[in-house]
Amino acid sequence: MDIPDYDKALFYTLWGQWDDLLVLMVRTEDDMLSKKIQHFLHAFHYSPDQAKIMESHDSLLYYIDHAMKHIPAAVMEV
């Protein structure tokens, strides 16, 4: 798993690039990131409940933030 996966996920989520987010969901090696993206995209496209959409969006952003804080320094320098 590369740090750019988290950078890309953050960028695609904030700018609404759902097609690119879907491709990232399939290609990333981080199963948790993939599942968070899947839940968000499913809620965004199929849920009539705005609160559920916002909850899955926030959950994805919180996970990305959490994961980026725990990346070893050696990976960040590459």
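The values are calculated or read from the model by the stated rules, or taken from the named source; none is laboratory data. All figures in this text were calculated on a predicted structure; none of them were measured in a lab. Note: ideal-geometry Cβ built from the backbone for every residue, glycine included; neighbour counts use all protein chains shown.
Annotation note: Cβ proximity below 8 Å between a residue of the stretch 33-59 that is on the phi < 0 side of the Ramachandran plot and a residue that is small (G, A, S) and not in a helix (DSSP H, G or I) (sequence gap 6+ or interchain) occurs for I53/S47. Does D20 satisfy the condition of being modelled with pLDDT under 95, of a type outside the set (S, T, Y) and either surrounded by 11 or more Cβ atoms within 10 Å (Cβ to Cβ) or not in a helix (DSSP H, G or I) (or both)? Here the answer is no, as D20 does not meet what is asked. Of all residues in the stretch 42-68, those that are of a type in the set (S, T, Y) and loosely packed, with under 11 Cβ neighbours inside 10 Å total 1.
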